[in-house]
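The values are calculated or read from the model by the stated rules, or taken from the named source; none is laboratory data. All of these numbers come straight from a predicted model, not from anything done at the bench. Reconstructed Cβ throughout: ideal geometry from the backbone, glycine too, with neighbour counts over all protein chains shown. Ligands, DNA and RNA are stripped out before the accessible areas are found, and what is left, the full protein with its side chains, is counted by its heavy atoms. Shrake-Rupley method; radii C 1.70, N 1.55, O 1.52, S 1.80 Å.
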Amino acid sequence: MKTKSLFPLFITVLFFCTSSCKKDEKTDNIETEFKGDIIIVGAGASGLSAAKKLQENGISYQILEASDKLGGRIQKNIDFADFPIDLGAEWIHADKSILNYLINQQGNEPNVETILYQPTNVQSVSGDTITQIPEQDMIDYYSNYITEYKFKNTTWYDFIYENFTENIEENIIYESKVTTIDYSGDKVILTTNNGLEYHADKVIVTVSVGVLKSNVITFIPSLSTEKINAIQDVEFLPGFKLLMKFSEQFYPDVISYETNSGEKSFYDVAYGKNSQDHVLGLLSVGSSAEEYYLLGDSNAILQNVLQELDGYYNGLASQSFLGNYIYMNWGQQTFTHGTWTSDIQASSNNLNESLNNKVYFAGETYNTYGVLPVNGSFILRGSVQSAILSGYKVVEEILF
């Protein structure tokens, strides 16, 4: 079934604090009885937020990170353009006040500058036809449906690093890919690809659901059929970002496509930035990404994309392309195996439940709020805030 949306990339979900989701009141003045050791698998947003909560409560922990850097699917580049670029998560997907909520700050105005993201020069592609969406339709779209923000001079990586890594990074053991989690005994034993063993009382697994789907981690005892089915049922599509630099802006703010699954959108990466550079991004997820993969390497994909743009804009893409591009292929990346959890449904009990109260799961996939409104708004399953809140929530489950 084909999916068509006026603006599929920019789904807004607002989130405000209510008694059902407050992360601080629940634990104020309550001393945990848990005194053991915890190992976190993965140093992405949920792993770092879980570590922050453990540290605040004086709990001993370590983080085993498979790659050589923290952040998971939140990464940045500072050399490509005259502004920092998000290589992974980019949109805030909520009102900017969520940034304060995530770090327990008062007020609606964060201490980092943001952009109200409401582009009105938007074109839509269906088949071989590209059409201009009337500006008033876009204005009405934002007025009736969507409020979206981005960082202006920083990135999600900066936000995560500045607010979640203080005194935490020293507890991260890099290049430690977990291959086995044995929770059959009193202690959980984790084995890494270099043959080292780590022992803990509790484990928090924050790897992407794509990694779990790929079965690169062996669980002892094996996962139940219900758990396996719940993992496999989560939509977690392959995809990539292609970022290209041009000498002029020949393109609109956004080009939105009709696709069989996932999404495909070109977008002006420099929109709202203090920039003299012209950077056009392609976000390709799902069926469109699979088609691009068939072309072979990144250069073949780039040439195909330039040819595609030339067809829309009378050869201006090839004429103004400066030869610089970034290809960030999350779908075929060893430590992610995909992009993001791409729906707003509540995660199932079978997906969220721990393994014998020893191994717990956290990440943007494990969203317990779903499509039910929270003060009239929602938490987007697949967003950075969903990952961060999941990290907080799983620690509260363990400690309290």
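Given V178, V209, V205, which one is touching a Leu at 6+ places or on another chain (Cβ under 6 Å), within 22 Å of V395 (Cβ to Cβ) and of a type outside the set (S, T, N, Q)? Give the derivation first.
Numbers: V209 fails: touching a Leu at 6+ places or on another chain (Cβ under 6 Å); V205 fails: touching a Leu at 6+ places or on another chain (Cβ under 6 Å).
Result of the check over V178, V209, V205: V178.
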Problem - Residue among Q118, Q123, Q62 that alone is open to solvent by 20 Å² or more (accessible area, probe 1.4 Å) and over 20 Å from P252 (Cβ atoms) - result: Q62
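If only one of A43, A81, A89 is in contact (Cβ under 8 Å) with a residue 60 or more places away in the chain, within 17 Å of T339 (Cα to Cα), part of a loop (DSSP other than H, G, I, E, B) and open to solvent by 10 Å² or more (accessible area, probe 1.4 Å), which one is it?
On the way: A43 fails: open to solvent by 10 Å² or more (accessible area, probe 1.4 Å); A81 fails: within 17 Å of T339 (Cα to Cα).
The conditions single out A89.
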Problem - Cβ-Cβ under 7 Å pairs, at least 6 apart or on other chains, segment 114-135 side without any contact (Cβ under 8 Å) to a residue 40 or more places away in the chain, far side surrounded by fewer than 16 Cβ atoms within 10 Å (Cβ to Cβ) - result: T114/K152
Fill in the blank from the handout: Those residues of segment 350-360 that are open to solvent by 10 Å² or more (accessible area, probe 1.4 Å), over 11 Å from E397 (Cα atoms) and in contact with a strand residue (DSSP E or B) (Cβ under 6 Å, 6 or more places away or on another chain) come to a total of 1
Exercise for the section: Answer yes or no as to whether K69 is part of a helix (DSSP H, G or I), open to solvent by 30 Å² or more (accessible area, probe 1.4 Å) and more than 17 Å from V203 (Cβ to Cβ). Expected result: no
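Give E109, E113 a once-over and let me know the one that is open to solvent by 30 Å² or more (accessible area, probe 1.4 Å) and in contact with a Lys or Arg (Cβ under 6 Å, 6 or more places away or on another chain).
On the way: E109 fails: in contact with a Lys or Arg (Cβ under 6 Å, 6 or more places away or on another chain).
None of the other options fit; the residue is E113.
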Practice task
Would you check if there is a residue in segment 290-313 being at positive phi and either touching a strand residue (DSSP E or B) at 6+ places or on another chain (Cβ under 8 Å) or among the polar types (S, T, N, Q) (or both)?
Solution key: no
Handout entry: Filtered residues of segment 311-349 (kept if in contact with a helix residue (DSSP H, G or I) (Cβ under 7 Å, 6 or more places away or on another chain), open to solvent by less than 30 Å² (accessible area, probe 1.4 Å) and of a type outside the set (S, T, Y))
Key = A317, G331, G338
Handout entry: Considering residues of segment 126-142 that are open to solvent by less than 30 Å² (accessible area, probe 1.4 Å) and within 28 Å of the chain's Cα centre (by Cα) only, the residue nearest to T154 (Cα to Cα)
Key = Y142
